[in-house]
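Derivation of every value follows stated rules applied to the coordinates shown; laboratory data play no part. Quick caveat: nothing in here was measured; it's all calculated off a predicted structure. Counting neighbours? That spans all protein chains shown, and the Cβs are built from the backbone with ideal geometry, glycine included.
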Amino acid sequence: MLPIKEQIALMSKRWPQFEVSWPTKWFVSWKGILCPLNKEYIVQVVYCLGANLGPVEISPKFPQVRVLSPLLEVRPENPDEPIPHHYQNLGDPNHPVLCLYDPRGKEWQPGDRIAETILPWAINWLACYEGWRATGRWTGGGTH
Amino acid sequence: MNRLRTKKFSPLFEPLDLLLADIAIHIQLSASDFRKMEQRYKALGDYIDRPGSLLKGKVQLIYPQGSMAIGATVASKLTNDEHDVDFIVQLELNAGTTPKEVLDLLFYSIKGKRGSLYFDKVERRNRCVTVHYADKMHADITPMIRIAEQPERESFLFHNKPDVPEEDQVLISNPFGFAEHFKKITSVDKEFAKIFAMRAGEYERLMLNLRADSEEIPDQEPINSKSKAVVALQLIKRWRNVLFDKRSTRRPPSVLISKFTADVANQSNTLSEELLNQVVFMRDKLLEYHQAGQKIRVFNPVCEKDEFTDRWPGSLHEQEVFLNDLNALAIDLKRLNSGCDLREMREIMVRLFGEAPTGTVFETFNRELGKQIKSGQSHHKPDGGRIYVPTSGIIAGGISGSGIRKTPRNTFHGMERRKKK
């Protein structure tokens, strides 16, 4: 498992445009801009290693990416069709979590570097999202 | 929101520039069709000069003019992507030959007797004769008579509308001279020309694969080695064709747009910037005249009597309409450059260039992007958070030392796609 401190250092080196916030030994959040094709998106990455805080136990969570701005949108031609490849965020439905990897396939493990996996995958996701909105076809593959 | 600016290392790195280039490639004569038209005009020259022809022994020269001469062909019709190409046939005729006689001689020479090669494929026009080919191309052949002791190929051009003989004209023109001037002024930016030619070959291969066509496409065709200015010119001509497709008024001539292009050619870093520069320049030139209450007049820089604006604009109103068109185009181009997403880019480009080429280009772009991602072959640039857009011919030379990194393979996951209740 890679400590949070190392994840922060790698992110800072590879993605300096991402601002870190709430860094602790077991939790960190970053916010920054991705511009996969032509449009800019403010995204947030949240990562929690989990912690035992005495009376409270925080369960670990794999890195989660949300698009803060602009809001992700369905296609007006087919408003019933949901945006592909995301998890609903019941606490904040306007900011679903992007589903960047298949957890069953163990594509991401706590020893992996967020800077080298999650952010590039988020770029790909956003590019596929734009292609889907423009053409109706999600061409980046994926499973459910 | 300000766009993050990334240092570009390829002239077609930005998706906007790549999409614009692909539209230009889609609407131009393909390399193989270009070669076919070259063969056709040579065959036409031989045919006009054949034994038994009214013009036997009178054909001095036949050569391309206009878009084919400067490499800026675009489909002229929207519904079937028909291309028209222009040739000059230089004839040796007596000085007193009337416009009607010149055009009739050419018409009947090509038409020939019933049952001959072009008998039912030829159409007599006011300044040229058109040959319609079965494969969505047609050739406009303009007869000209060389003026002795004048600069190279400066010639008489003839206007005759059979119903209105009183409007007959003999004009002086030098399309060859203009084409040479154009090519000299818009000299090729080698880096862009190389990348564009590679992309043209790649795009044509993609299209052939889709049609399961077996034709071989060379990696680089010399005709696709062109400057940003020429590609921008092609896009502007296409936009004009789309605009005037449903209008009954005469459209601004291609030679006028070409002249403006040459005047401000290649003073930009990218194709999208070049396109905007050219449109703004043209608009400002037109505005100068319009604000003075005059119709614009533009002449061939190598032949002062050769007026490019003799038939357009017909009135100040026509000029004003086009001025407004150019303003609207400039606004759309600025919007494209200001960070809109693929969907909005497509909507704007459909409006500018038509559904057929735009739809195909965007579908192709999306498909190739997805293929790269699915196969684990995608790349990204952390500086700016960019995806590296797939163009195989460019990748080979472009990555090293550029900050581009390979993206590890992944599988998007997530909720099932269920219709909302």
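Multiplying the sequence separation of residue B:43 and residue B:98 by 0.36 nm and subtracting their Cα-Cα distance, what value in nm do you get?
Gain in length upon complete extension: 17.2 nm.
As I understand it, the value is the acute angle between the Cα axis of helix B:175-185 and the longest principal axis of the Cα atoms of chain B; what does it come to in degrees, rounded to 10?
So the helix axis and the longest Cα principal axis differ by about 30 degrees.
How many angstrom lie between the Cα centre of segment B:360-378 and the Cα centre of segment A:78-144?
16 Å
Based on other C-beta atoms within 10 Å, arrange B:137, B:282 from fewest to most.
Ranked by crowding around the Cβ, least crowded first: B:137, B:282.
Please report the net charge: other residues with Cβ closer than 11 Å to the Cβ of residue B:102, K and R +1, D and E -1.
Combined, the nearby Lys, Arg, Asp and Glu give 0.
With contacts defined as alpha carbon pairs under 8 Å and 6 or more residues apart, what's the relative contact order of chain B in percent? Spell out each step's value before the answer.
Values: 626 pairs, mean separation 65.9, N = 421.
Once divided by the residue count of chain B, the mean separation gives 16 percent.
For segment B:145-290, go through all pairs of different Cα atoms, get the mean of 1/r, take its inverse, and jot down that Kirkwood value in Å.
Working: mean 1/r = 0.0549 Å⁻¹.
It works out to 18.2 Å.
Considering the protein assembly as shown, what Rg and Dmax in Å follow from its alpha-carbon atoms?
29.0, 109
For chain A, compute Rh as the Kirkwood radius over C-alpha pairs and then the Stokes-Einstein diffusion coefficient at 37 °C and 0.692 mPa s; write the answer in µm²/s, rounded to an integer. Working shown, then result.
Numbers: Rh = 16.1 Å.
Translational diffusion coefficient: 203 µm²/s.
Distance from the Cα centre of segment B:247-266 to that of segment B:139-176, in angstrom?
20 Å
To the nearest 10 degrees, how steep is helix A:118-135 against the longest Cα principal axis of chain A, on a 0 to 90 scale?
10 degrees
Provide a whole-number value for the mean count of partner chain Cβ atoms within 10 Å of the Cβ atoms in peptide A:76-83.
The per-residue average across the peptide is 3.
Kindly put B:37, B:68 in sequence by how many other C-beta atoms sit within 10 Å of each C-beta, fewest to most. Walk me through the numbers before you get to the answer.
Numbers: B:37 19, B:68 23.
If I rank by nearby Cβ atoms, fewest first, I get B:37, B:68.
How far apart, in nm, are the 7 Å Cα→Cβ label points at residue B:267 and residue B:134?
Modelled inter-label distance: 5.0 nm.
Can you give the extra length, in nm with one decimal, that the chain gains between residue A:31 and residue A:73 once fully stretched, where that is 0.36 nm per residue apart less the Cα-Cα distance?
On the way: separation 42, 0.36 × 42 = 15.12 nm, distance 2.04 nm.
The span from residue A:31 to residue A:73 would gain 13.1 nm if fully extended.
Provide, as a two-decimal number, the C-alpha radius of gyration of chain B over 2.2 N^0.38 Å, N being how many residues it has.
In units of the 2.2 N^0.38 Å rule of thumb, it is 1.09.
Using DSSP to call loops (not H, G, I, E or B), can you name the GluC sites (Glu not before Pro) in segment B:59-115 whose Cβ has at most 16 other Cβ atoms within 10 angstrom?
Working: sites: B:82, B:92, B:101; in loops: B:82, B:92.
Those satisfying the criteria are B:82, B:92.
For segment B:18-82 and segment B:183-212, what is the separation of their Cα centres, given in Å?
Comparing the Cα centres of segment B:18-82 and segment B:183-212, I get a distance of 19 Å.
Need one value for B:402-409: mean number of C-beta atoms belonging to other chains within 10 Å of its residues' C-beta atoms.
3
So what is the relative contact order for chain A, in percent, with contacts set as C-alpha pairs under 8 Å and at least six apart? Please report the intermediate quantities before stating the final value.
Working: 209 pairs, mean separation 28.0, N = 144.
This gives 19 percent for chain A.
Just counting partner chain Cβ atoms within 10 Å, what average do the residues of peptide A:99-105 show around their Cβ?
Mean partner-chain Cβ count within 10 Å for A:99-105: 4.
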